[in-house]
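Heads up: the structure comes next, in structure tokens.
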Amino acid sequence: MRLAIINVTGGSFSGGYRKYLINIVPRLAVHPGIKHLICIFPKNEKNKGWIKRYIPVETFYFDPYKLLGGLFFTNQSIKKIIKRFSPDVIFIPTGKYIGLNGIPVVNMVQNMEPFIFPALKGDSMLDIIKKYFQRFYERISIKRANHTIAVSRYVSDYLINDIGIQNNKVSIIYHGIEITDETKCKIPEKALLLSKNEFLFTCGSIRPARGLEDLLEAAKILCDKGLKFNVLIAGETTPGAELYKYRLQEFIEKNNLINNILWAGTLTEEELNWCYKNCKAFVMTSRVEACPNVALEAMANGAIIISANNPPLPEFFLNYAFYYKPYDANSLAKAINNSINLSEKERIDFSMKVKKRSKDFSWDATVDKLVETLMMVADKNGKNKIK
């Protein structure tokens, strides 16, 4: 099968999306079901180094589309590349559609925020407008595609029940996770003064959908009761979410939590692994996810998990988490207290179960099922040359 992966986007890639490509493209390149593979990227990713380092296939670049440009016309540079390469199927993992009529397109939905929460408390007006455009654009893209990959059952149910996509045009393919090497750990500079198992850890981009106010409010409740601990927060503030970060910091200062809350910024993979392995518990407060990479990473490192009970988080953690009701700081405080009170034997047992659960998610399995789905779509829809 001849496969073209087109990374259609109007901006830069997130770290999570880069990680997805870094894990699937090398595996696709050597998969027996793939005869020839190319990847097409926006030009603003060309000089960042990671493509040359991690993407071992022929690459091409195009000018990013502007606003809804990709909805109403086909990017001519992409069209020329596709016409010359003549793929059997096109895979667009970014939930977009570029109108290359005649060649089957497989789409993927990996961001549910525009669908479920087009507006969140703390969003800037620009963010709200962007998400409404994303929702409008991606719904049309999904309906135009020959097939759509959902990265969780939660996403699949939404596509089928809310957008009206036929069951046989949706496949659930979870992301994978690398089982971490025990030696690939490095203590972050911000954590040098932290004792092992004496801090809570959370990570991800700092924006309203992360729900970090739950954790700060719960920390205040527990500190008022005399329970002393630190919270380490990793991740950079998303452009446009500066006001949200300011309000979090304002809450910290107002409630005398400055010495308890540590902002770690962006961490390397080795630093993240250290935090997962050495935290008292990993806390997942996200309002909405599709397939949370950090959740899989935390499980692979055997972290004690505290999670909001909104979907799809229980789909991944199953019974191996202390759940709380989102927006309810008292509920989270109770979950934190329960996790902290585990005996050493209970912690070890919990950690082993979480690690075992993480083995259900493998990048090799992800790629095998992806190739199977792409081949099915190519065989079913045939291949026509672009006119």
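Here are some notes:
- Restricting 355, 380, 334 to residues that are part of a helix (DSSP H, G or I), modelled with pLDDT of 95 or more, of a type in the set (Lys, Arg) and out of contact with any His (no Cβ under 6 Å at 6 or more places or on another chain) narrows the list to 334.
- Residue 353 being among the charged types (D, E, K, R) and surrounded by 13 or more Cβ atoms within 10 Å (Cβ to Cβ): yes
- Scanning region 293-322 for residues that are aromatic (Phe, Trp, Tyr) and touching a strand residue (DSSP E or B) at 6+ places or on another chain (Cβ under 7 Å) gives 317, 320, 322.
- The residues of region 8-25 that are within 21 Å of residue 81 (Cα to Cα) and not hydroxyl-bearing (Ser, Thr, Tyr), listed by number, are 8, 10, 11, 21, 25.
- Per-region count, region 136-162, residues crowded, with 16+ Cβ neighbours inside 10 Å and either more than 26 Å from residue 25 (Cβ to Cβ) or of a type in the set (Asp, Glu) (or both): 4
- Put simply, of 333, 308, 303, 298 the only residue that is crowded, with 22+ Cβ neighbours inside 10 Å, farther than 21 Å from residue 234 by Cβ and touching a residue at least 12 places away in the same chain (Cβ under 8 Å) is 333.
- Residue match in region 175-190 (condition: of a type outside the set (A, V, I, L, M), buried (at least 20 other Cβ atoms within 10 Å of the Cβ), in contact (Cβ under 8 Å) with a residue 12 or more places away in the chain and in a helix (DSSP H, G or I)): no
- Single residue of region 223-240 satisfying the filter (of a type in the set (A, V, I, L, M, F, W, C) and surrounded by fewer than 21 Cβ atoms within 10 Å (Cβ to Cβ)) that is farthest from residue 117 (Cα to Cα): 227
- Qualifying residue in region 141-155 (condition: more than 20 Å from residue 308 (Cβ to Cβ), in a helix (DSSP H, G or I), basic (Lys, Arg) and out of contact with any Ser or Thr (no Cβ under 9 Å at 6 or more places or on another chain)): yes
- A count restricted to region 298-315 and to residues that are under 9 Å from residue 276 (Cβ atoms) and in a loop (DSSP other than H, G, I, E, B) stands at 3.
- Screening 161, 168 for residues that are in the same structural domain as residue 150 (by TED's automatic domain parsing), over 27 Å from residue 130 (Cα atoms) and out of contact with any helix residue (DSSP H, G or I) (no Cβ under 8 Å at 6 or more places or on another chain) leaves exactly one candidate, 168.
- Yes/no for residue 201 being in contact with a Cys (Cβ under 6 Å, 6 or more places away or on another chain), in the same structural domain as residue 350 (by TED's automatic domain parsing) and either in a strand (DSSP E or B) or of a type in the set (Ser, Thr, Tyr) (or both): yes
- Counting only helices (runs of 4 or more DSSP H) wholly contained in region 34-94, the ones carrying 2 or more residues that are at pLDDT 90 or above occupy 50-54, 76-85.
- In summary, residue 195 fulfils each of the numbered conditions (1) part of a loop (DSSP other than H, G, I, E, B); (2) polar (S, T, N, Q); (3) farther than 22 Å from residue 337 by Cα with the single exception of condition (3).
- Within region 1-53, the only residue that satisfies the criterion of being among the polar types (S, T, N, Q) and within 17 Å of residue 369 (Cα to Cα) is 23.
- Selection over region 194-238 of residues that are modelled with pLDDT of 95 or more and acidic (Asp, Glu) gives a count of 3.
- Residue within region 337-357 that is in contact with a Phe, Trp or Tyr (Cβ under 8 Å, 6 or more places away or on another chain), aliphatic (A, V, I, L, M), without any contact (Cβ under 8 Å) to a residue 40 or more places away in the chain and outside the structural domain of residue 152 (by TED's automatic domain parsing) present: yes
The values are calculated or read from the model by the stated rules, or taken from the named source; none is laboratory data. Computed from a predicted model, the values in this text were never measured in an experiment. Glycine also receives a Cβ, built like all others from the backbone with ideal geometry; neighbour counts cover every protein chain displayed.
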